[in-house]
1. Which residues, taken from region B:34-43, are over 21 Å from B:His111 (Cβ atoms) and more than 9 Å from chain A (Cβ to nearest Cβ)?
2. When B:Tyr268 is evaluated against the numbered criteria (1) touching a residue at least 12 places away in the same chain (Cβ under 8 Å); (2) touching a strand residue (DSSP E or B) at 6+ places or on another chain (Cβ under 7 Å), which criterion, by number, is the only one it fails?
3. For region A:223-235, indicate whether the set of residues that are farther than 30 Å from A:Val179 by Cβ, crowded, with 17+ Cβ neighbours inside 10 Å and basic (Lys, Arg) is non-empty.
4. Looking only at residues in region A:287-313 that are assigned to a helix (DSSP H, G or I) and out of contact with any Leu (no Cβ under 7 Å at 6 or more places or on another chain), which one is surrounded by the fewest Cβ atoms within 10 Å (Cβ to Cβ)?
5. Tally the residues that are surrounded by 13 or more Cβ atoms within 10 Å (Cβ to Cβ) and acidic (Asp, Glu), restricting the search to region B:327-343.
6. Among the residues of region B:179-194, are any surrounded by fewer than 23 Cβ atoms within 10 Å (Cβ to Cβ), aromatic (Phe, Trp, Tyr) and more than 11 Å from chain A (Cβ to nearest Cβ)?
7. For region B:35-53, indicate whether the set of residues that are within 16 Å of the chain's Cα centre (by Cα) and within 27 Å of A:Trp304 (Cα to Cα) is non-empty.
Amino acid sequence: MEGRSWLAGELEARGVSRREFLAFCAATASTLALSRTFVPRIAEAIERGEKPTLVWLEFQDCAGNTESFLRAGRPTVAEIVLDLLSVDYHETLMAAAGHQAEEALARAIRDHQGSYIAVVEGSIPTGADGAYCTIGGRAALDIAREVCGGAAATIAIGTCATFGGLPAAAPNPTGALGVADAVPGLSTLINLSACPANVENLTALVVYHLTFKRWPPLDRYRRPLFAYGVAIHDACERRAHFDAGHYVEAWGDEAHRAGYCLYKMGCKGPVTFQNCPKVRWNEGTNWPIGCGHPCIGCAEPDFWDKMTPFYRHLAGVPGFGLGSDVDRVGALAAAGVGAAFAAHGVVAAAKRWWERKSGGDAA
Amino acid sequence: MTHVVVDPVTRIEGHLRIEAEVDGGAVRDAWSSSTMFRGIEIILKGRDPRDAWAFTQRICGVCTTVHAIASIRAVENAIGAAPPPNARLLRNLVIAAQCVQDHVIHFYHLHALDWVDLVSALGADPAKTGALAQSLSDWPLSSARYFAGVRDRLKGLAASGRLGPFANAYWGHPAYRLPPEANLLAVAHYLEALEWQREFIKMHAVLGGKNPHLQSFLVGGMATPVDPDQQASLNAGTIATLHELVAKARDFVTRVYLPDLLAIAAAYKDWAGYGAGVGNYLAYGEYPDDDGPAPALFLPGGVIRGRDLGRVGPVDPERITEQVKHSWYEYADGDDRGLHPARGETRPRYTGPKPPYERLDVAGKYSWLKSPRYGDEPMEVGPLARMLVAYASGHTRVRALVDGALRQLGVGPEALFSTLGRVAARGIETQLIAEKMGDWLDGLAANMAQRDLRIHDNARWEPQTWPRDCTGAGFHEAPRGALGHWVHIHDGAIANYQCIVPSTWNAGPRDAAGRRGPYEAALVGTPVADPAQPLEILRTVHSFDPCMACGVHVVDPERRELAHVRIA
């Protein structure tokens, strides 16, 4: 029971009660869409667990996912849960520098070959023989191949590491790729897209693995379904306004102040799959739509090209049957028949439509 | 002569490499190289200028607000949009929160471990640590029991043999000088600051939906509605929440950050004699107090040359140029002269060694950063530049805070031109801004009480309302210094976009005349006790708070061939 006493000591040192710890586990179960009956199992797994080694690589990144990581916290406890990992390499956080830092990385992947977790932040450039991103004189691609190749699992965090993200936006000046394309054939790759990824989902992913000794079911982009299975539009707190045809027409107008639907201002919630409305951001404080700005679709592939211009509204939300004539929705709602358009199955249709569109654009 | 390479420079944002010649226990020469490039300005060409803030915001996730602010200001300047007073106040609050949070994180999480020996803290006496803490501040977390808990936590980590992010550092280096108790105190506050930053930055979630990468910016205003009578808007409740967050921040800065900073500085006063650098300082100024085209600024802009605090010159953006003599780019008319950003050009041309490599060819091109110059001279930007310009301009509160810190340390103003001066200026600025934030919140509340609920200039939202061809510039004081964006809009789309960023000013390579950039100049003379463990190099470089992803950018998408960079 060495693991238990270690955690007990950590908890005590941090002034965290058993009760708070269980509350964290419950919150995690909730993010994972698991029943509360899993709470004891999660707690037990966390307490018993050996510290897995984690190395965090940064390539063509902005450190936004690192910053997101720093916001982890169900009051004080998430930090401990992340302490359950031995973070042996992370350029932004580590004390060592230069040769000593590279030595730490080499040692971590040698001593824990086949068992460590690699996290990749940022895209990987393939142009100029790798000179668009070097660390310690080595090309990012070279490092990624070695480190991800020896990992038990690789987590690509953020849209750049997942899909190439901003550096890969047209015309992709540096030949930037996400991990899946830069290092094909990795046996276990989990993508946490979004710009940045929400740390709640990283925490939940790690806890899932510690609890069940396997990785969660993934969508076709290798993203955990617990976080990317539902369209923002379907879980949005403003959905009723969409259905009723209550739209913001101008920034700061009465509808905007009243929290009406941002669809006409360009919201990409109908075609974006992420759990923002549920877990929100910064420990549940808020989220972009809650702050009056449309969703920009940051979790989706090629969103910098396919979701822009950000303020032009989607041509029409399929299943809705109204094409681009949103004004008509308002008129119908005013006539008292808006509720008739609250169609089910909108999301499934939207996803099909979006995938068709994505495929078409890629060609 | 020993050739020292520090790559990666860690505890920064982005990818930085330092090469230095060390001889006789000190740096004789140094070269600063940025080793990552994305080409975001190329990507911006042809896009809707109203989207640009989101693209440029992703230049950096640490200073996650700064490029969004500079971008919307540049586009507004071009199209003639006039954000209403509430937008100005919301932006001031967003900017200020970024500055305060960023500076605290820099001090504790990115810089402190250059001065604080974590392993030495294991041997600290918790009772003596408590007494030390109480002698410095009345911050309540100061009991022997509390420090024993922190020490035991560290001991547990050390005993497990898994130091994680603290492994393999320069612990025990002779340049560490603090007693074990001061080290333990600082480590305890490292952990507290980690909690604090997470809590304080909820201010950004309230004002911007999330942090990092807030999402409430708009060309012409802000997307955050204000209405005292609406739950979905900023209202009396949110104002109260924000006041509370600001009060807690002020408390932490006044009672933890500044006392720690002055205590550590007192033990390292000799570092007021190292790291001066180029001695020229540039600040654009920040925090508009009114809504005209040339508003009064809470922090003034200005230029100081040759460490002469007796003269502050005005900033003339026309005098800014960028050079590429030692950067991996080329200019059509040769690399020996600089170009103004509005007329600039950039073609990436990598001429360095093929990776993997051991050494850069520092006689030739050696960085993805360009070399910005003002009136042909290198300039340091950042908190020190801002505080010096404000001090020399007679800013009352800045004078009081700076003089108070100098008095407490028993040094004169010349001590400011140093590695230590940068650290002190950053703390002083944090105090200044934390004190000021409440005023902007009050301003917002007063407008709401008058039912001025405007947040946006709707008259200039649609591209049809813009001139067919227009250019604009947006200036901002980011935590790391003076930031400028330049935009050229044609037929409603971006024709050209350029940024000159604080870390480009500070970390850029030599210019055509062979003059070093600020990092390079500051490193010359920095002592190095052991070239195999160049801790002192980190001290001086970290004192600038490097942000390399910000620094590298590419200008001039007007050259179409840029869009067809050969992909190997």
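The values are calculated or read from the model by the stated rules, or taken from the named source; none is laboratory data. All values derive from a computational prediction rather than experimental measurement. FYI the Cβ positions are ideal-geometry reconstructions off the backbone, even for glycines, and counts take in every protein chain you see.
1. Of the residues in region B:34-43, the ones over 21 Å from B:His111 (Cβ atoms) are B:35-43.
Answer for region B:34-43, where residues must be over 21 Å from B:His111 (Cβ atoms) and more than 9 Å from chain A (Cβ to nearest Cβ): just B:Glu41.
2. The single condition B:Tyr268 does not satisfy is (2).
3. Of the residues in region A:223-235, the ones farther than 30 Å from A:Val179 by Cβ are none.
No: zero hits.
4. We begin by selecting, within region A:287-313, every residue assigned to a helix (DSSP H, G or I); these are A:289-291, A:303-306.
This time we only want the ones that are out of contact with any Leu (no Cβ under 7 Å at 6 or more places or on another chain), so: A:290-291, A:303, A:305-306.
On the way: A:Gly290: 21, A:Cys291: 26, A:Phe303: 24, A:Asp305: 15, A:Lys306: 17.
Going through the qualifying residues, I end up with A:Asp305.
5. 2
6. no
7. At the first step, the residues of region B:35-53 found to be within 16 Å of the chain's Cα centre (by Cα) are none.
Within region B:35-53, none of the residues are within 16 Å of the chain's Cα centre (by Cα) and within 27 Å of A:Trp304 (Cα to Cα).
One line per residue, one yes/no per condition, for (1) modelled with pLDDT under 95; (2) out of contact with any strand residue (DSSP E or B) (no Cβ under 8 Å at 6 or more places or on another chain):
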site: A:Val77; (1), (2): yes, yes
site: A:Val81; (1), (2): yes, yes
site: A:Leu85; (1), (2): yes, no
site: A:Asp88; (1), (2): yes, no
site: A:Leu105; (1), (2): no, no
site: A:Arg110; (1), (2): no, yes
site: A:Ser115; (1), (2): yes, no
site: A:Glu121; (1), (2): no, no
site: A:Ile124; (1), (2): no, no
